[in-house]
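The values are calculated or read from the model by the stated rules, or taken from the named source; none is laboratory data. No experiment lies behind these values; they were computed from the predicted model shown. Backbone-built Cβ (ideal geometry, glycine too); neighbour counts: all protein chains shown. These accessible areas exclude ligands, DNA and RNA; they are computed on the full protein's heavy atoms, side chains included. Shrake-Rupley method; radii C 1.70, N 1.55, O 1.52, S 1.80 Å.
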Amino acid sequence: MFKHIDRYRHLIPKSYKAGMLIDGLVFADEHLLPQIEADQTKDQVANVATLPGLVGRSLAMPDAHQGYGFCIGGVAAADLDEGVVSAGGVGFDINCGVRLLSVPADAREVAGMIEPLIHQLFRDIPCGTGKKGAVSLGGRELDSVLHDGAAWAIRNGYGTDEDLARIEEHGRLESADPAAVSNRAKDRGHVQLGTLGSGNHFLEIQRVDEVYDEEVASAFGLQHDQVTILIHSGSRGLGHQVCTDYLDVMHDGMKRYKISVVDRQLACVPIGSQEGERYLKAMAAAANFAFANRQMMTHWAR
Amino acid sequence: MKSRGYEILEHPADLGISAHGESLQEAFEEAARGLMAVILDPATIRPHRAMPVSVAASDPQQLLVRWLSEILYLYDGQRFPCAEFSIHELGPTWLVATVRGEDLDTARHHTRLDVKAVTYHQLDIQEGAGHARVRVFLDI
């Protein structure tokens, strides 16, 4: 059962489940909590708490819902020396994220144009479900994408250097190593660069309907009633395959490191192990693919 | 109930396949059919070309995930959607199969859903005398 610390913090004590090494903690209000209790989220938070070498608590953010191994919105910090890395913890959709574009227009100005705008965006930005993307890359060129991320896209004419300053990590994780990414993952990535995907991925024309913090909003160039475009996408099939590949690598590696997990999606290895380091390099490469992907769609949206 | 077949399990956050047959071999084949039906309308895929598939794994669970991941890879990485699946040999940690399909033609093949991956979430393999059932969940 939850031990309610206050209105927004709900503790899952170690005694909840055998094998928990740390407590779990869910952040939610009275509206979110029943939803979180309705599926397996709580057990997934508890399962994560059984992994070796975690520090603090196994956390669930207010958007938490049932995932695979970890819940969606699950957060855990691992000790660099004693802790583990889990491909399933990072998830299939490596560097799934959003780009928000501020459009220099307010909602009234585009009121009658939304439908043609959507059609145009649909034509300019491939969804990629079954279709080839707008670019097809040779093996070496894909490695450059994996190595350089959004900078590759800029170099190839998709946007400007100024964009990089607006992207976390400047759109590139330096630890990426394309050689740690399997050919299968690259095959899936080849035709999907510059594509949105389906499922929970989307591109929307939006309107700012309420500003909570003027200062922050203006730093982002946002104001009330302004039109924005939100692109939600990730590393596509390339990232999904990296996760699939390393789930197996980690599952097989666990015997060597005498680790056992209560849910196979939580397969993990020590961070400093050969498998762990290689996964992190492949993960960074997939993240760079996602940075390049969102940058290209940003360019087309403009 | 038919002696072999599959059903798609739809939950708010999940999409799964429950497949059954008279043998584990049939259940694995049905799971592959179910996976392709999630991705696109199987009636649009012509079984023009055969492709040999062999999979090795460390246990039956991994074998099922790898088998289905192979079908997903053929579609997503090789642009080769499959319509027919025959497993010739199935051991606890390996299988040898032939799948039949054709090159992706976006004019005829309309993707229903992008499947990201085959997961180990609540994966289940049941085998009894003259009956087998597998259950697997997909990340979509």
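Would it be correct to say that B:His121 is open to solvent by less than 60 Å² (accessible area, probe 1.4 Å) and either polar (S, T, N, Q) or touching a residue at least 60 places away in the same chain (Cβ under 8 Å) (or both)?
When the stated conditions are applied, B:His121 passes them.
Do the conditions hold for A:Leu80, that is, is it assigned to a loop (DSSP other than H, G, I, E, B) and either touching a strand residue (DSSP E or B) at 6+ places or on another chain (Cβ under 9 Å) or surrounded by fewer than 20 Cβ atoms within 10 Å (Cβ to Cβ) (or both)?
Numbers: assigned to a loop (DSSP other than H, G, I, E, B): yes; either touching a strand residue (DSSP E or B) at 6+ places or on another chain (Cβ under 9 Å) or surrounded by fewer than 20 Cβ atoms within 10 Å (Cβ to Cβ) (or both): yes.
Taking the combined requirement at face value, the residue satisfies it.
Enumerate the pairs (first residue in the range A:31-50 and in contact (Cβ under 8 Å) with a residue 60 or more places away in the chain and open to solvent by 10 Å² or more (accessible area, probe 1.4 Å); second residue anywhere and among the acidic types (Asp, Glu) and not in a helix (DSSP H, G or I)) with beta-carbon separation below 6 Å, excluding pairs fewer than 6 apart on the same chain, so at least 6 apart or on different chains.
That search, which allows pairs on different chains as well, returns A:Asn47/A:Asp263.
Taking only pairs six or more apart or across chains, which ones have beta-carbon atoms under 6 Å, a first residue in the range A:166-185 that is farther than 25 Å from B:Phe80 by Cα, and a second residue that is aliphatic (A, V, I, L, M) and surrounded by fewer than 20 Cβ atoms within 10 Å (Cβ to Cβ)?
Pairs that qualify, where the first residue is farther than 25 Å from B:Phe80 by Cα and the partner is aliphatic (A, V, I, L, M) and surrounded by fewer than 20 Cβ atoms within 10 Å (Cβ to Cβ), are A:His170/A:Leu164; A:Gly171/A:Leu164.
To keep it simple, each residue is scored yes or no on (1) over 24 Å from A:Tyr257 (Cβ atoms); (2) at pLDDT below 95; (3) surrounded by 14 or more Cβ atoms within 10 Å (Cβ to Cβ); (4) more than 14 Å from chain B (Cβ to nearest Cβ).
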residue	(1), (2), (3), (4)
A:Ala60	yes, no, yes, yes
A:Gly112	yes, yes, no, yes
A:Arg123	yes, yes, no, yes
A:Lys131	yes, yes, yes, no
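Scan the range A:192-204 for residues that are in contact (Cβ under 8 Å) with a residue 24 or more places away in the chain, open to solvent by 20 Å² or more (accessible area, probe 1.4 Å) and either part of a helix (DSSP H, G or I) or not charged (D, E, K, R) (or both) and jot them down. Give the derivation first.
Within the range A:192-204, the first condition is being in contact (Cβ under 8 Å) with a residue 24 or more places away in the chain, and the residues that meet it are A:192-198, A:200-204.
Still in the list and also open to solvent by 20 Å² or more (accessible area, probe 1.4 Å): A:198, A:200, A:202-204.
Across the range A:192-204, the qualifying residues are A:Ser198, A:Asn200, A:Phe202, A:Leu203.
When residues of the range A:250-268 are filtered for being in a helix (DSSP H, G or I) and open to solvent by 40 Å² or more (accessible area, probe 1.4 Å), how many remain?
Filtering the range A:250-268 for residues in a helix (DSSP H, G or I) gives A:250-256, A:264-266.
Narrowing further to those that are open to solvent by 40 Å² or more (accessible area, probe 1.4 Å): A:252, A:255-256, A:264.
Selection size over the range A:250-268: 4.
Run down A:Gly83, A:Gly56, A:Gly88 and say which single residue is touching a residue at least 60 places away in the same chain (Cβ under 8 Å) and away from chain B (no Cβ under 14 Å).
Working: A:Gly56 fails: touching a residue at least 60 places away in the same chain (Cβ under 8 Å); A:Gly88 fails: away from chain B (no Cβ under 14 Å).
One residue alone meets the criteria, A:Gly83.
Could you list all residues from the range A:278-290 that are touching a strand residue (DSSP E or B) at 6+ places or on another chain (Cβ under 9 Å) and either among the aromatic types (Phe, Trp, Tyr) or open to solvent by 10 Å² or more (accessible area, probe 1.4 Å) (or both)?
Hits for the range A:278-290 are A:Tyr279, A:Leu280, A:Met283.
If you take just the strands (runs of 3 or more DSSP E) that sit entirely in the range B:25-140, which of them hold at least 2 residues that are at pLDDT 95 or above and within 13 Å of chain A (Cβ to nearest Cβ)? Spell out the reasoning first.
Working: elements: B:49-56, B:82-90, B:94-101, B:124-128, B:131-139.
Filter on the range B:25-140 gives B:49-56, B:124-128, B:131-139.
What's the total number of residues in the range B:1-24 that are polar (S, T, N, Q) and either in a loop (DSSP other than H, G, I, E, B) or without any contact (Cβ under 8 Å) to a residue 60 or more places away in the chain (or both)?
2
For the range A:156-178, check the following and say yes or no: at least one residue is away from every other protein chain (no Cβ under 12 Å), charged (D, E, K, R) and over 21 Å from the mean Cα position of the chain (by Cα).
The answer is yes; a qualifying residue exists.
Within the range A:184-193, does at least one residue satisfy the condition of being among the aliphatic types (A, V, I, L, M) and away from chain B (no Cβ under 14 Å)?
No.
Quick one: would you say A:Ser136 is within 12 Å of another protein chain (Cβ to nearest Cβ), touching an Asp or Glu at 6+ places or on another chain (Cβ under 9 Å) and open to solvent by 30 Å² or more (accessible area, probe 1.4 Å)?
It is false that A:Ser136 is within 12 Å of another protein chain (Cβ to nearest Cβ), touching an Asp or Glu at 6+ places or on another chain (Cβ under 9 Å) and open to solvent by 30 Å² or more (accessible area, probe 1.4 Å).
What's the number of the only condition in (1) farther than 23 Å from A:Ala111 by Cα; (2) open to solvent by less than 40 Å² (accessible area, probe 1.4 Å); (3) at pLDDT 95 or above that A:Gly189 fails to meet?
If we test A:Gly189 against (1) farther than 23 Å from A:Ala111 by Cα; (2) open to solvent by less than 40 Å² (accessible area, probe 1.4 Å); (3) at pLDDT 95 or above, just (3) comes out false.
Taking the stated definitions as given, is A:Asp263 out of contact with any Leu (no Cβ under 9 Å at 6 or more places or on another chain) and over 18 Å from A:Leu51 (Cβ atoms)?
Working: out of contact with any Leu (no Cβ under 9 Å at 6 or more places or on another chain): yes; over 18 Å from A:Leu51 (Cβ atoms): no.
Criteria not met by A:Asp263.
Mind counting the residues in the range A:211-247 that are surrounded by fewer than 18 Cβ atoms within 10 Å (Cβ to Cβ) and part of a helix (DSSP H, G or I)?
Of the residues in that region, 6 qualify.
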